[in-house]
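Written out below as structure tokens is the structure these notes cover.
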Amino acid sequence: MRRRITTLTVLAALVATVLFALPLGIAVWQYYHDDATGDLERAADATALAVSEDLSAGRRPVVPPLDEADDEAGGEVGVYAPDGRLLAGKGPAVAGPVERQAAKAVVDVVVGREGDEMALAVPVISGSRVTGVVRAALPLSELRLQIVLTWVAMAGLAVATTGVSWLMARRATKRLVRPLEELAAAAERLGDGDFTARSPRAGIAEIDQVGEALGTTAARIGETLERERAFSAEASHQLRTPLTGLRLQLEAALETPSADPYAAIRAGIASTDRLERTIEDLLALGRERRAPRAELDLDALLDEVRQAGEALLAPHGRTLRITREDPPPARVAAAAVRQ
């Protein structure tokens, strides 16, 4: 269970990370591409302003060094004639498709890929005449390196996030599973007959409710078994007295053959009834649960005791006298007092 919960938590973290990382990775690629395009455009515009006068006058232009603000990409800048010849700066000796498209002056900026470079070209216009083209280019390898390094950093952050999720999942799983293991151990001890088994409180409401229910069940089962054991232990002792009385009545009838046999039979039947009542009382006590009891009818109980005593003592010429001194009312099982 520990492994399953941890695996599901880490898997959920991985899915969330991937779903977040994919669009973020695309956004990073787009950001670096747009940033490089902006840097190249600033470099080309700054160079176009610097060489426009020389190109208009027909002089050979000189590419001035650019400020860091205009050359953040660190690319190469070259100036081309309208016919495609390289006039100054760095770049291919012959203009490529990007520069030729810019020389048409249809659009202000032309961006494209030339070989392994990202090229951007802007036309230099004097009046209605194109006097040249400024090309700024950046190696695609540098652009890819920036993107890959950012992706690697993102991957490292994703791994670190997954690791933290794994640690948190292990800690949460330990806190969740340990109370369940203790609860299972308590249930196992209960199954082995240890009715004092209890599970400690876990601080989790649902698990604590199950633990309390298990403790209540263990207590009830223990009480029930205790009553059953008490009944088994006391049954023979409680039944011995009425059986002895019945035996004495029968022996007394045998010793006095001149006596009325019907009286002995009636007394035996009465003793048998009392024996049956005793068995019923014992069974009732064995099944009795803790519940509010009615007030004891002491008069009826004493009358039963008197009748039973007279049946045992009368054949021997003895009498039974019961003295009652107005005891306080009591709420107790009549079967328990009778026994």
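Computed values, structure above
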| quantity | calculated |
| --- | --- |
| Residue exposure sequence - Tyr31, Tyr262, Tyr80 - by fewest surrounding Cβ within 10 Å | Tyr262, Tyr31, Tyr80 |
| Calculated FRET efficiency for the pair Asp34/Val94, C-beta based, R₀ 45 Å, to 0.05 | 0.95 |
| Potential extension, Leu180-Arg201 segment - 0.36 nm per residue separation minus Cα distance | 6.5 nm |
| Positive minus negative residues near Glu76 (Lys, Arg vs Asp, Glu; Cβ under 9 Å) | +1 |
| Residue exposure sequence - Phe195, Phe20 - by fewest surrounding Cβ within 10 Å | Phe20, Phe195 |
| Cβ-based net charge around Ile147, under 13 Å, with every Lys or Arg adding one and every Asp or Glu removing one | -2 |
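Only the coordinates and a few stated rules stand behind these numbers; no lab work does. Keep in mind the model is a prediction, meaning the values are calculated, not measured. Every residue, glycine among them, receives a Cβ derived from its backbone with ideal geometry; neighbour counts consider all protein chains shown.
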